[in-house]
Amino acid sequence: MTRHRSPAALVGAATESAFEITFDGRTLSALPGQSVAAALWSAGVLAWRTTRVGGRPRGAFCGIGQCYDCLATINGRPNRRACLVPARPGDAITTQEGEGHAGLAV
Amino acid sequence: MPDSPSEEARAVPRDGAETVPPHERAVPRGGAETVPPGDTHAVTYDLAVIGAGSAGLAGAVVADRLGLRVALLDSSGEVGGQFYRHPAPALGAVRPEALHHDWDAFAGLRRELADSGVVHLAGHHVWTLARDGELWAVHAVTGADGDGERPVCVRARTVLFATGAGERQLPFPHWTLPGVVGAGGAQAMLKSGLALPGRRIVVAGSGPLLPAVAASLAAAGARVPAVVEASGYLRYARSPAALAANPRKLAEAATYGAALLRHRIPLRTRSAVTEVHGRDRVEGVTVCRLDRDWRPLPATAGRIDCDALAVGHGLVPQIELATGIGCATRRTDDGAYALVVDAFQETSVRGLWAAGETGGVGGAQLARVEGELAGIAAAARVRGQETHLRGSRARALRRRRARMRAFATAMARAHAPGRDWTEWLDDATDVCRCEEVTAGAVREAVRDYGARDARTVKLLTRAGMGWCQGRMCGAAVTCLASRAGTESAGEAPPPAPERRPLAAPVSLAALAALRPDGLPAEDEPHPE
């Protein structure tokens, strides 16, 4: 079944001002005012973290900043809550492995 | 009559205030003082309102109207709380109301805020409250996710807790798979971020939120193959007086019922999602019928294909700031804890008020009524005009509150988690998502090491010790621990409310920036 409805169409959002971000090097489109998590969901990406113990994939769960499952590395900084941080043009989002500090180890 | 489909598409003229960024919007328009950002600690407010949802907005604007100097702190960049979450102005949405019920009430409050002298402090995550002589010190970290450079301390004579609620989650096998999201979370991500977690989304759990979430997801273009509700709606019939007194709630239910029909969404009551399928993301769910205690009946299991699951088992008051300072709590009819408040919404600690979900989950309309009542009461206290409490407005608000509280109680009883939901939880399932603690480990702590409450389980297993501080697993761990208690040692005492000394994560740098008197170090206090 073809469906033309979308959340943006429903509320009449201005989609012409979309900009680009990257997720693990891949270019995605985001809308101004969208959180990083919302931009990733809109691109069909549901997981951007692996857990510390089991290495399992996780993404946004509670959607309101309470569960910390959506932690992402944004522009090199780990442990940002993707559901709260607004996406900005040129943001580089990378999958956070474990506690996110592996790259800082000496 | 229920909403017609055309109502969703109806364009309304844009509110002129929407084009103004939130931090400028809150600046008084009447030429009253403006507070430069970062200088908030130099001002002593009459009332600090924590939370800018329905309760907080209503309390802030009425207190301002009654002459108080009011600060309104909220973690989000936009006012509205969770219920009225809406796209940031940059998204340019001309019909934000298409995803909302009762948007006009919010639009009215937002206009009143814009015309008031209330100082709206957006992006302020309050992490604790402390006594400061005769005043209260409200400590916050700033920024979208609270990682801003400078801590902030707002001092006020009185405080209104309007911190709302979080979602109650009960785990089930593979609930940690990407694509399983909170029902409220899916709603929030849609309302503010215009994003969906999938194209074919099952909505499950319990509570009045589920039909509303399903209707929103479907209106936004998702297919919803089923709404799966663990309770039966007939339970409401046990509270006929509360139903009869709240015709508006029934009309609301009819609206969502009609939306489910319109989108051809089947509603399956007394059923639950007992397992999720998929390797790295959701591919389907198993739905089982439940008995009256929520024990799954395996012979009734069937699979529904989907690429996402939005799940939640009602709401839980978010009260850690208040309990941290010693406010008394009561057990609600669905087993959560809420703040005890008096006839005018004051908590057991003088000078601290609470409104909305913090006093027991009851919805946005009730929150507005309680917020206004609390604002009137705080103003009466600060200005020494207790006569306001006997005015006709306060009386009318108290009557409406009583009526809506009765409905909230009926709702809590109808959707209270059944005793035997833990039967669908296998030992391999992670109960604590942060620390990856399985149900088996929690059961071992209970069975072999004698844990009888969530706190002891936490000390033994780390369940609840991670990033979210037990916000996601607390309800489940409490059930697993106390359930075992009743089986082995008769009636177990009710678990204590959870305590979280820090209501939001605070960096060591932010703590180090506080002087011993609690003010941020880089700012010298201004002489009064």
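The values are calculated or read from the model by the stated rules, or taken from the named source; none is laboratory data. Quick caveat, the model's predicted, so the values are computed rather than measured. Heads up, the Cβs are rebuilt from the backbone with ideal geometry, glycines too, and the neighbour counts pull from every protein chain shown. Keep in mind that these areas ignore ligands, DNA and RNA; they rest on the heavy atoms of the full protein, side chains included. Shrake-Rupley method; radii C 1.70, N 1.55, O 1.52, S 1.80 Å.
Some points to look at:
- For the pair A and B, total buried accessible area rounded to nearest 100 Å², probe 1.4 Å: 4500 Å²
- Rounded Å value of the spacing that divides the Cα centres of segment B:143-211 and segment B:212-272: 20 Å
- Charge dipole (debye, nearest 20) of chain B; +1 at Cβ of Lys and Arg, -1 at Cβ of Asp and Glu: 1820 debye
- Quotient of C-alpha Rg and 2.2 N^0.38 Å, computed over segment B:184-287: 1.14
- Taking amide H atoms as placed 1.01 Å from N in the peptide plane, the amide H of A:Q96 lies under 5 Å from those of A:R49, A:T50, A:T73, each 5 or more residues away in sequence or on another chain.
- For the protein assembly as shown, with +1 on Lys and Arg beta carbons and -1 on Asp and Glu, the positive-most of B:A510, B:A258, B:A105 along the dipole: B:A258
- Derived scalar couplings ³J(HN,Hα) [segment B:269-285; Karplus, 6.51 cos²θ - 1.76 cosθ + 1.60; whole Hz; x for Gly, Pro]: 8, 6, 9, 8, 7, 10, 6, 10, 10, x, 8, 10, 7, 5, 10, x, 9
- For the protein assembly as shown, the solvent-accessible area of protein heavy atoms averages 40 Å² per residue (probe radius 1.4 Å; ligands and nucleic acids excluded).
- Residues along segment B:94-112 losing 40 Å² or more of accessible surface when the other protein chains are present rather than the chain by itself (probe 1.4 Å): B:R95
- Electrostatic dipole magnitude of the protein assembly as shown [Cβ: Lys, Arg +1; Asp, Glu -1; Cα centre; debye, to 20]: 1800 debye
- With the convex hull of the Cα atoms taken as the outline of the protein assembly as shown, the averaged projected area works out to 28.6 nm².
- Residue separation of B:L514 and B:D448 scaled by 0.36 nm, minus their Cα-Cα distance, works out to 19.3 nm of gained length.
- Selection among A:T50, A:A18, A:A30 by position relative to the dipole of segment A:17-97 gives A:T50 as farthest towards the positive end (Cβ unit charges, Cα centre).
- Long-range amide H partners of B:G92 with built H, under 5 Å: A:A14
- Most positive-pole-ward Cα, B:L210, B:A378, B:G164, against dipole of chain B from beta carbon charges: B:L210
- √(5λ) per eigenvalue of the Cα gyration tensor, chain B, largest first, Å: 37, 28, 23
- Apportionment of accessible area to carbon and sulfur, the protein assembly as shown, percent (1.4 Å): 53 percent
- 5 Å binning of all Cα-Cα separations within segment B:122-217, expressed as whole percents from 0 upward: 2, 10, 16, 15, 13, 12, 13, 10, 6, 2, 0, 0
- Cysteines having no other Cys beta carbon under 4.7 Å from their own, within chain B: B:C153, B:C288, B:C306, B:C327, B:C434, B:C468, B:C479
- Amide H contacts under 5 Å for A:S35, placed H, 5+ residues apart: A:A87
- Helix runs (DSSP H) in chain B reaching 20 Å along axis by Cα, Kyte-Doolittle at least -1.0: B:247-262, B:364-383, B:392-415, B:474-489
- Net charge, A:F19 excluded, C-beta distance under 14 Å - Lys, Arg +1, Asp, Glu -1: -2
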